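The block underneath contains the structure these notes are about, expressed in structure tokens.
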Amino acid sequence: MDSQLEDAYEAVLKRNSGEAEFHQAVREIFESLGPVLEKNPQYVEAAVLSRICEPERQIIFRVPWVDDKGKVRINRGFRVEYSSVLGPYKGGLRFHPSVYLGTIKFLGFEQVFKNALTGMPIGGAKGGSDFDPHDASEDEVMRFCQSFMTELYRHLGEHTDVPAGDIGVGGREIGFLFGQYKRITNRHESGVLTGKGLTWGGSLVRTEATGYGAVFFVQRMLATNGRSLDGLRVTVSGSGNVAIYAIEKAQDLGATVVACSDSNGYVVDEKGIDVALLKQVKEVERARISEYAARRDSATFRTDGSIWDTTVDVALPCATQNELNGQAAATLIRNGVVAVAEGANMPCTPEAVHAFHDAGVLFAPGKASNAGGVATSALEMQQNAARDSWDFDATEARLQQIMADIHDRCIETADAYGHPGDYVMGANIAGFTKVADAVIAMGVV
């Protein structure tokens, strides 16, 4: 980074101490911006760097609830409304014990540029809580969600802030949250939450969108280099919503997905992951990935080594941040990986990203390759606003076109700024310039 970017980054560190993930996300953007500031001095004059690093609003609140034993429990809730220059705040809610302000800020910061890349009129935000739904009963999850929404509702609205799901927040949680919002406000404001059930305002393809979108991006990335997914071996980390539907779409396109994981370990299935069985184990029974291996003769459950030790052509990290480090990247490169696309938010460490770049591996950053989820959320908002519903094929076609447009925008921007084929540079610069131009146009607000 040049001196003015280093100075801006040092100010971020000083102002946001102890928030390592947020620091990493900011640095990753800043490392791409040297040629942008050289071509656009107005961004420096208008202090755009400082303005985009400071959220418009940060909300932290107490979430009291009563467990099944009658004990009062307290969690902490967050909503970081990062930027609304392109549209209402938009971004998911994450319920996981690891959640703290730094997590939400990093996710919100990434969301701003991801949403800009979609071409949809949506700003960026993120929220959540350190509550763990996996250790709670159905009634406890409902009571928690109702308490969480009792505070958060006052900050939401279809023209203000529109949350969705993320890790730990699926259709069940969205239903409880929406029910409480409707109860408190006395309005059926469908567009205030996305990821809703199909019978009450949800959109077809929204469940599949992040995983499908990541695979569509890889498909376009490979096609640009004269290849296809047909016949390739793929590893997908995770076994939640994003991972399941990335596996499904990759296999629909002719690939064989040979491994997936959860926090306890990973399975290797040389015949290809049985998606129907995986959905039964993870979505219906909410069981561990080891249960998949117990029911599948061709699968082996492992706790030693790493999921990235498996020899594959394509790797899709779809679990959580910083799950794929420099050592894992070196193993993948040594084993002949040709493409890596982030299905999760910032799952590759900076060392891994640099290793892929130096080795000539096609690498798609999450703000580009996993933007399909929020793009389809915006499509759900469109349907809600029009009191309309689109069929599956039409919605999937829109998603595929959006991902193709994001891919092409990244390539064109990277070329324009002297970094041909660099998806990280292309995504960061394209997202940043769109947001920065809107920031300047709206004055000092």
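The values are calculated or read from the model by the stated rules, or taken from the named source; none is laboratory data. No experiment lies behind these values; they were computed from the predicted model shown. A quick note on method: Cβ atoms are made from the backbone with ideal geometry, for glycine too, and the neighbour counts reach across all protein chains shown. Heads up: the accessible areas ignore ligands, DNA and RNA and are worked out on the full protein's heavy atoms, side chains in. Shrake-Rupley method; radii C 1.70, N 1.55, O 1.52, S 1.80 Å.
Brief remarks follow.
- Among the residues of segment 342-389, those that are of a type in the set (A, V, I, L, M, F, W, C) and under 20 Å from residue 240 (Cβ atoms) comprise 344, 346, 348, 364, 371, 374, 375.
- Filter result for the condition that a residue is touching a strand residue (DSSP E or B) at 6+ places or on another chain (Cβ under 6 Å), in a helix (DSSP H, G or I), of a type in the set (Phe, Trp, Tyr) and within 29 Å of residue 20 (Cα to Cα), over 363, 356, 432: 356
- Remark: pairs (first residue in segment 307-329, part of a strand (DSSP E or B); second residue open to solvent by 40 Å² or more (accessible area, probe 1.4 Å); Cβ separation under 6 Å; 6+ apart in sequence or on different chains) = 317/323.
- Condition met for residue 171 (outside the structural domain of residue 249 (by the TED database) and at pLDDT below 95): yes
- Residues located in segment 294-327, provided they are under 25 Å from residue 210 (Cα atoms) and open to solvent by less than 20 Å² (accessible area, probe 1.4 Å): 307, 308, 310, 312, 314, 315, 316, 317, 318, 324
- Residue in segment 428-442 that is charged (D, E, K, R) and under 17 Å from residue 225 (Cα atoms) present: no
For every residue, the table says whether it meets (1) modelled with pLDDT under 95; (2) basic (Lys, Arg).
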| site | (1), (2) |
| --- | --- |
| 29 | no, no |
| 36 | no, no |
| 45 | yes, no |
| 48 | no, no |
| 57 | no, yes |
| 61 | no, no |
| 67 | no, no |
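- Cβ-Cβ under 8 Å pairs, at least 6 apart or on other chains, segment 113-133 side at positive phi, far side assigned to a strand (DSSP E or B): 128/77; 128/78; 128/92; 128/93; 128/94; 128/95; 128/166; 128/169
- Qualifying residue in segment 190-198 (condition: aliphatic (A, V, I, L, M), part of a loop (DSSP other than H, G, I, E, B) and either touching a Ser or Thr at 6+ places or on another chain (Cβ under 9 Å) or within 25 Å of residue 320 (Cα to Cα) (or both)): yes
- Residue within segment 180-188 that is in contact with a strand residue (DSSP E or B) (Cβ under 8 Å, 6 or more places away or on another chain) and not assigned by the TED database to the domain that holds residue 284 present: no
- Condition check for residue 424: surrounded by 22 or more Cβ atoms within 10 Å (Cβ to Cβ), within 21 Å of residue 218 (Cα to Cα) and free of Cβ contacts under 8 Å to residues at least 40 places away in the same chain: no
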